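Okay, structure first, notes after.
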Amino acid sequence: MLAMPPTQDTAAAADTPTLSVRTVWISDLHLGTPGCQAKALLDFLRDVDCDTLYLVGDIIDGWQLRRSWYWPQAHNDVVQKLLRKARKGTRVIFIPGNHDEFARKYLTHNFGGVDVMEEAMHVTADGKRLWVTHGDLYDGVIQCARWLAIAGDLAYEFTLKVNRWFNRIRAKCGLPYWSLSRYLKHKVKRAVSYINEFENAVAREAKKRGAHGVVCGHIHHAEIREIDGVLYCNDGDWVESLTALVEHHDGRLEIIDRGDQAALPGMLLPAPTANVTPVGLPVPMPVPAGAVATTVSPDTVA
Ligand SMILES: [Mn+2]
């Protein structure tokens, strides 16, 4: 386990949670990548107090860390904050995703108070049974064409990078933020049906398990809606949309959106960014089609 740096204690002592909820679900933090918005995430973790915290996959990005090591202090701070919550009595459950599949070797283990589980069945205060899974196991591309998933991941990373350069130039010209990923996603019909298939598949699986609903991540698009009688909840991500799913003490579910706190590294822009875009995915898209874009707003989906 990582040692806690001395600065951390002082920082942690200043914590004054302003939001008290029963449960928090976050996923797709992608710690270990430049895309991870660790500062905004840390602020959120400081603000929230909960009985149970689910880390719903793609927490640490093993795929990218293997390619090149990237681990700034802020990412350490996030890990420390999570472990601290576990020490202070929050039940922390980690359900690995595809980017941190290395952790699947440790299912049923407990590390520093964090339980590692393949999936979980959460019961809300008002008795709803919610099946919790990252979702990649129901993603056809990841299951059937791993090389394609990795290619899609590289393309996504590249698009984020291009997007940052592009908007830096726009900012210098006094133009507002414009999301390349969002543009691409609307251009790519296959992305829409791909997302649709994913959502339907996890909803079907939840039904099979006798759950009232499902909580997942993976596609980087937060949403609560009903699919064929199943409550579909996606907690979004901390790369672009900066969202979490919470359960209030009465069992009510809500998406917390910290998108207005997005910061693009190295930019002088005040960032209205993630408001505009709950974008894309680390998700494996057929490559030429603009591997980037996989989210879609409900109104564009049949
Ligand atoms: Mn994933």
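The values are calculated or read from the model by the stated rules, or taken from the named source; none is laboratory data. These numbers come from a predicted model, not from an experiment. Methodologically, a virtual Cβ is constructed for each residue, glycine included, from the backbone with ideal geometry; neighbour enumeration extends over all protein chains shown.
Scan the range 118-139 residue by residue and report those that are part of a loop (DSSP other than H, G, I, E, B) and within 16 Å of HIS220 (Cα to Cα). Residues satisfying the conditions are THR133, HIS134, GLY135, ASP139. Pairs linking a residue in the range 209-224 that is under 18 Å from ARG258 (Cβ atoms) to a residue that is β-branched (Val, Ile, Thr) and away from the ligand (no atom under 16 Å from the Cβ), with Cβ atoms under 9 Å and 6 or more positions apart or on different chains, are HIS221/VAL296; ALA222/ILE255; ALA222/ILE256; GLU223/ILE255; ILE224/ILE255. Among helices (runs of 4 or more DSSP H) entirely within the range 34-98, having at least 2 residues that are under 24 Å from ARG22 (Cβ atoms) singles out 38-47, 73-87. From the residues in the range 104-137 that are at pLDDT below 95 and within 16 Å of the ligand (Cβ to nearest atom), which one is farthest from the chain's Cα centre (by Cα)? My answer is ARG104. Here the range 212-257 is the region considered, the condition is being more than 22 Å from ASP51 (Cα to Cα) and β-branched (Val, Ile, Thr), and the residue that is nearest to the ligand (Cβ to nearest atom) is ILE219. Looking at the structure I just gave you, is CYS50 touching a residue at least 60 places away in the same chain (Cβ under 8 Å), away from the ligand (no atom under 16 Å from the Cβ) and on the phi < 0 side of the Ramachandran plot? For CYS50, the condition - touching a residue at least 60 places away in the same chain (Cβ under 8 Å), away from the ligand (no atom under 16 Å from the Cβ) and on the phi < 0 side of the Ramachandran plot - is met. Among the residues that make up the range 83-90, is at least one of them within 16 Å of the ligand (Cβ to nearest atom), under 27 Å from LEU42 (Cβ atoms) and at pLDDT 95 or above? No, the range 83-90 contains no residue that is within 16 Å of the ligand (Cβ to nearest atom), under 27 Å from LEU42 (Cβ atoms) and at pLDDT 95 or above. Inside the range 50-80, residues that are surrounded by fewer than 18 Cβ atoms within 10 Å (Cβ to Cβ) and either aromatic (Phe, Trp, Tyr) or at pLDDT 95 or above (or both) make up a count of 9.
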